[in-house]
Amino acid sequence: LQAGDSKREQFRRYLEKSGVLDTLTKVLVALYEEPEKPNSALDFLKHHLGASAPENPEIEALRLEVAEMKEKYEALLEENKKLKTKVKVY
């Protein structure tokens, strides 16, 4: 019984030292303080835990690329619309 308690205590200290306990506590407090509870508490936790994780530079680069592609797409749609109007294609 003593060895199990010791392992639990070591694990608890590890979680505390690494910031896991603090992060989980903050997310749970945020959920508690939500005036309107979300339908899925698990999705809320996943979203908030993912938001607190350090951003992968590769993911950020992909987000920027997607944003640029969306802008180009919108510009091309507008250009297409104008060209169709000019040649009267519907």
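A few remarks follow.
- Residue 81 sits among other residues whose Cβ lies under 13 Å from its own Cβ, and their net charge, with Lys and Arg +1 and Asp and Glu -1, is +1.
- Calculated [θ] (222 nm, deg cm²/dmol) that DSSP helices of n ≥ 4 give over the chain, each run adding -39,500 (n - 2.57): -27500 deg cm²/dmol
- Helix 41-52 and the long axis of the chain differ in direction by around 80°, with both axes built from C-alpha atoms.
- Computed over the chain, Cα set: Rg, Dmax in Å: 24.5, 84
Quick note: the coordinates plus some simple rules give every number you see, no bench work behind them. Nothing here was measured: the structure is a model prediction, and the numbers come from that model. Ideal geometry is used to build each Cβ from the backbone, glycine not excepted, and the neighbour counts take in all protein chains shown.
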